[in-house]
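The values are calculated or read from the model by the stated rules, or taken from the named source; none is laboratory data. Only a predicted model underlies this, so the values are computations on that prediction, with no experimental measurement involved. Note: ideal-geometry Cβ built from the backbone for every residue, glycine included; neighbour counts use all protein chains shown. Surface accessibility is based on the protein's heavy atoms, side chains included, excluding ligands, DNA and RNA. Shrake-Rupley method; radii C 1.70, N 1.55, O 1.52, S 1.80 Å.
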Amino acid sequence: MSRSLLRPGAEAVQGKGWLAAHKWLLLRRFSQLGILALFLVGPWFGWWIVKGNLAYSYTLSTLPLTDPYVLLQSLLAGQWPEKLAWIGVAIVLLFYLAVGGRSFCAWVCPLNMVTDAAAWLRSRLGIKGGPHVSRSVRYWILGMTFVVGALIGTIAWEMLNPVSMLHRGLIFGMGLAWLVVLSIFLFDLFVMRHGWCGHFCPVGAFYSLLGKGALLRVRLPQRDACNDCMDCFAVCPEQQVIRTALKAVGGAGPVILEANCTNCGRCIDVCSKEVFRFGLGATAAAPVCSGSGVAP
Amino acid sequence: MSDKAQTTTVASGKRRQFLVDSARLACGVGLLGVGMGFYAEHAKALPPAALRPPGALPESELAAACIRCGLCVRDCPFDILHLARPEEPMATGTPYFVARQRPCEMCEDIPCVVACPTGALDHSLTDINKAQMGLAVLVDQETCLNYLGMRCDICYRVCPVLDKAITLDPQTNQRTGHHTLFIPVVHSDYCTGCGKCEKACPTEVASIKVFPRYMAKGQLSEHYRLGWVEKEKAGHSLVAPDIEHHFNMPEGMHYELGKGLQQAPPAGGEAGDAVPRAFQEDQL
Ligand code: SF4
Ligand code: SF4
Ligand code: SF4
Ligand code: SF4
Ligand code: SF4
C-alpha cells in the first residue's frame, strides 16, 4: 500500500500499459507545451501565429483572447478597454464556462508544469507533512487582489502574479521572474503539498468560479468497481473533489461537480479499475456514461 | 434539555472556531494585501530613463489600464519597446523604451497604439506629432558642444519635428567676445519625447536627455500672466501709461548694450530724470 502511494498508478500501468496509464497526462503536457510553443515561434522564428501572452493574445490577426481575471481587475481600477479586448474576453468566458474554468490550470497554465513537477518529486522523495492551510485561502487572496487593486486604482496583482510572470517571461524576457517560479517550486516540494495551486493561487481561484456549471466533467460510471487503492487521491491536485462522487456522499451522483476539479484526467489514468472517464453534461443524470454508473 | 444544551455548545464552539479561523485568514491575507498595495503604489512612478510608448495614459492610470499583453511591443516595427521585468523599478509587465538605446521612430500610423487592446495606449492619438512620450531637456550646459562654442547641432538636425521642437537660439559667446553660440532650446509644445536627440547626441553621456514629462516640465502658477503676451492680446499696455525706459546715469554718460557706459548722450537721452531708479529697473 505505501509502495503504491509512492508510485500511484503502478497497478494501472501493469493493467493497461504505460501509455494508456499516462494518456491524459501526455495530452495535457502536449496541450500546455503546444500552446507555449505557439506563443514562442513568433519571437524565436518570426512565425507570427500568436502575438501577446495569456493576458491577451491575437491569433493570426483575427482571434482575440483576453484573460477575464486581469480584465476585471482593470475594470475595477476604473479603466475601460477597447473592443477587441471585449470580444476576446467573451470568447474566453464562454469557453471556460463550457469546459470548466480550472481546465485552464491543467491544460494551459505554464506554472502547472512547475507545480506538478514539485508534487511528483515530493511524492517520489516521500516528503510528508507541512502546515495545514485551508484551501479557501485562495478565495480570500482573490478578493484581496480586487479590493487592493480598486483601492489604489491599479492592477496590483500583476506586480506579483507568478503565472503571468512566467508566461510573459518565457516570451518577452524572464529577468528575475525565474526566482519567483523557483520559490514556488521549492515551496511545493518541501513545505506544502500542492501548496501554491491548491491553496493560494488567485488565478486558479478565479477560474474555478467559472467551473460551477461546466459541461465537461470527470464522471465515474464504474464507481462500484473501486477497490479503494487510493491512487486517484494520491495523484489528484485537488483531492477533496473526488470523495463526494466516488463514495456517493449524501447520495451524490457519479460525476465530479466540484468547481476546483481541474479536469486534468490524471485520476482516469491511474485507476486500474477504469472507474473514471470524461463526459459531457453538468448533472449526474446526463446520459453520457454507458451502463453501471446510474445515480442512486 | 442537557442534550440540547450540549449541541448548542458544540455548535457555538464550532462557530467560534470558524470565526477565529476566518479572522486568522483575513489577517494573513490582509497583511499580504497591504504589502502588495505598497509595492504597487511605489511602482506608480516611472524611473527617469524609461519612457512610455506614444499615447500612453498618465502614469497613475497606465498600470490600471495596461493588461501587460505586449501587443504594442510586437507591433512596433523598430522593436524599441520592452515589457518591464519584475526586478525593474516600474509596474511589472508594462511597456517602456530607453531613448539612448532605441528611440521611437514616430511611425505615422502608430502601430503600437493600434495594437493595444485596452485604453492604455489611447486610441484617440492619431497624429504622432501630438504624442507626449517625454520631454527633451538639455541637461548639461558644460558638455553640450554647442554651449562650448562648436556647431554640433546634431540634436537639432535629427529631431523629427525639425526646427520646432528644438531651435538654435544665437547668443554672444562671452568667452571669445566675438563669436555666436547656437543654443539648442527645446519647446515643450512640439517635443514628442521620441528620444532621437538623446540617442544622437555625440557626447560620451548624452548632454540632452528625454525624461518623462512629469519630471521635465515646470508649470507656472495659475494666476501668472505674461505681461508682453497680455499686452499683445489687448493691443496696448495694461500698466498705463507705458513709461519710456531711462537709465539713471552719471552726468553726461549713457549706456549702450554690449559697450557699457558711453560719453556724449544721444539726442533725447536725458540722464537722471525724475523716475525713481527701482521703478525704472522694473521696466527692463
Ligand atoms: S492554480 Fe494558478 S498557478 Fe496553478 S495551474 Fe491554476 S492558474 Fe496556474
Ligand atoms: S511610434 Fe513606431 S517606433 Fe514609436 S513606439 Fe510606436 S511603433 Fe514603435
Ligand atoms: S498593448 Fe496596451 S495593454 Fe498591451 S502591453 Fe502594450 S500598452 Fe499594455
Ligand atoms: S547633440 Fe548634444 S552636444 Fe550636440 S548640440 Fe545637441 S545637446 Fe549639444
Ligand atoms: S525628443 Fe528630441 S528629437 Fe524627439 S521631438 Fe523632442 S526634441 Fe525632437
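Consider A:Val241 carefully, then state whether it is under 22 Å from B:Gly70 (Cβ atoms) and either open to solvent by less than 20 Å² (accessible area, probe 1.4 Å) or out of contact with any strand residue (DSSP E or B) (no Cβ under 9 Å at 6 or more places or on another chain) (or both). Against the criterion (under 22 Å from B:Gly70 (Cβ atoms) and either open to solvent by less than 20 Å² (accessible area, probe 1.4 Å) or out of contact with any strand residue (DSSP E or B) (no Cβ under 9 Å at 6 or more places or on another chain) (or both)), A:Val241 does not qualify.
Within the stretch B:55-80, the residues that satisfy the criterion of being within 16 Å of ligand 5 (Cβ to nearest atom), within 21 Å of the chain's Cα centre (by Cα) and either at positive phi or surrounded by fewer than 24 Cβ atoms within 10 Å (Cβ to Cβ) (or both) are B:Gly55, B:Ile80.
Looking at the stretch A:70-84 only, could you name the residues that are farther than 26 Å from B:Gly37 by Cα, in a helix (DSSP H, G or I) and facing another protein chain (nearest Cβ under 7 Å)?
Pass one, the stretch A:70-84, residues farther than 26 Å from B:Gly37 by Cα: A:82-84.
When the remaining residues are screened for being in a helix (DSSP H, G or I), the result is A:83-84.
A:Leu84, the sole residue that qualifies.
Within the stretch B:91-100, the set of residues being more than 8 Å from ligand 2 (Cβ to nearest atom) and open to solvent by less than 10 Å² (accessible area, probe 1.4 Å) comprises B:Ala91, B:Thr92, B:Gly93, B:Thr94, B:Pro95, B:Ala99. Among residues of the stretch B:182-203 being within 14 Å of ligand 2 (Cβ to nearest atom) and not polar (S, T, N, Q), the one that is surrounded by the most Cβ atoms within 10 Å (Cβ to Cβ) is B:Cys194. Scanning the stretch B:127-144 for residues that are over 18 Å from the mean Cα position of the chain (by Cα) and either within 14 Å of chain A (Cβ to nearest Cβ) or surrounded by 17 or more Cβ atoms within 10 Å (Cβ to Cβ) (or both) gives a single hit, B:Cys144. In the stretch A:190-212, the residue that is modelled with the lowest pLDDT out of those that are open to solvent by less than 50 Å² (accessible area, probe 1.4 Å) and outside any helix (DSSP H, G or I) is A:Gly211.
Just so you know, in the stretch B:145-168 the residues that are part of a strand (DSSP E or B) and near ligand 4 (Cβ under 10 Å from one of its atoms) include one that is least open to solvent (accessible area, probe 1.4 Å), and it is B:Ile166. Considering B:Gln141, B:Gln171, B:Gln101, the condition of being outside any loop (DSSP other than H, G, I, E, B) and more than 16 Å from ligand 3 (Cβ to nearest atom) is satisfied by B:Gln171 alone.
Going through (1) within 19 Å of the chain's Cα centre (by Cα); (2) touching a residue at least 60 places away in the same chain (Cβ under 8 Å); (3) under 22 Å from B:Cys104 (Cβ atoms) one by one, B:Val205 falls short only on (1).
Of all residues in the stretch A:166-189, those satisfying the criterion of being assigned to a helix (DSSP H, G or I), within 14 Å of chain B (Cβ to nearest Cβ) and either closer than 15 Å to A:Leu121 by Cβ or open to solvent by less than 40 Å² (accessible area, probe 1.4 Å) (or both) are A:Leu166, A:His167, A:Arg168, A:Gly169, A:Ile171, A:Phe172, A:Ala177, A:Val181, A:Leu182, A:Ile184.
With respect to the conditions (1) in contact (Cβ under 8 Å) with a residue 60 or more places away in the chain; (2) surrounded by fewer than 21 Cβ atoms within 10 Å (Cβ to Cβ); (3) within 12 Å of ligand 4 (Cβ to nearest atom), B:Asp122 lacks only one, and its number is (3).
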